[in-house]
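Trainee: Structure below; questions to follow.
The values are calculated or read from the model by the stated rules, or taken from the named source; none is laboratory data. No experiment lies behind these values; they were computed from the predicted model shown. Note that we place each Cβ from the backbone using ideal geometry, even for glycine, and neighbour counts take in every protein chain shown.
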Amino acid sequence: MFAAAWARIEALSGRELIAAQQKVSDVTHKITIRYQEGILASMNVWYDGRQFQIQAVENPEERNRYLFLLCVERANSAYETPA
């Protein structure tokens, strides 16, 4: 496990989905967290038994306050404690 953090998870729809998919084609959710150094697009987010694979990491305005994680939810993901 990299870190535990508070997050806001939003299912994307409409214009947000179209805009996000221009960057990453499979994105379905946007997760907002406080800035943490070392978050990579190859990582996963686990929430309440659901797995979200990070496709892109955005640092709005390069201010190091928040990160937007553009993710795709993996269907039928059973919760396993990440090593």
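Trainee: Against the conditions (1) more than 12 Å from A7 (Cβ to Cβ); (2) modelled with pLDDT of 90 or more, where does Y79 fall short? Just the number, please.
Mentor: Just one mismatch for Y79, condition (2).
Trainee: Here are some conditions: (1) at pLDDT 90 or above; (2) outside any loop (DSSP other than H, G, I, E, B). Q21 meets all but one. Which one does it not meet?
Mentor: (1)
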